[in-house]
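First up is the structure itself, then whatever we jot down about it.
Each reported figure results from applying straightforward, stated rules to the coordinates on display, with no laboratory input. This one's a predicted model, so the numbers in the text were calculated from it and none came from an experiment. Positions of Cβ are backbone-derived with ideal geometry, glycine not excepted, and every protein chain shown enters the neighbour counts.
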Amino acid sequence: AGRIRRKLIQKSIPLPVAEGDVVCPLCERLIPESQRDEHHLVPKSKGGKQTVTLHRICHRQIHALFDERTLADYLSAVEALKMHPEMKRFLSWVKSKPPEFFDEPEGALALGEESEGGGECKGARRNV
């Protein structure tokens, strides 16, 4: 990312959003097309149908931290996810990264998840 873009990100000044751009409701950064994942707010296994588009890194972090029961019972809204202490810590860290930044969250691959593709909610991770 360029020097001006990094300064805008550091100062939390929102970048201009063009038509067709998608902003992650968690980290509030633009999502490059290659980094868009659909997250079921209530897991499909628990009857959920509504999805929200997230940065792939944000989506992976959710499933690295929380199991499906926790997501369904306590974290089925974007605001609830943003308020959870572990997600708050992650979001404050990732907001300083450029929109195209992607790094596997700790533990994501150890549980049998492939490093590419995806885009849909996968299995449970760990309890909170």
Compare the peptides 58-71, 39-52 by average per-residue count of other Cβ atoms within 10 angstrom and give them in order, highest first.
-> 58-71, 39-52
Estimated vicinal HN-Hα couplings, Hz - region 44-60 in sequence order (Karplus 6.51, -1.76, 1.60; Gly, Pro = x) = 4, 5, 10, x, x, 10, 6, 10, 9, 7, 10, 4, 4, 5, 5, 4, 4
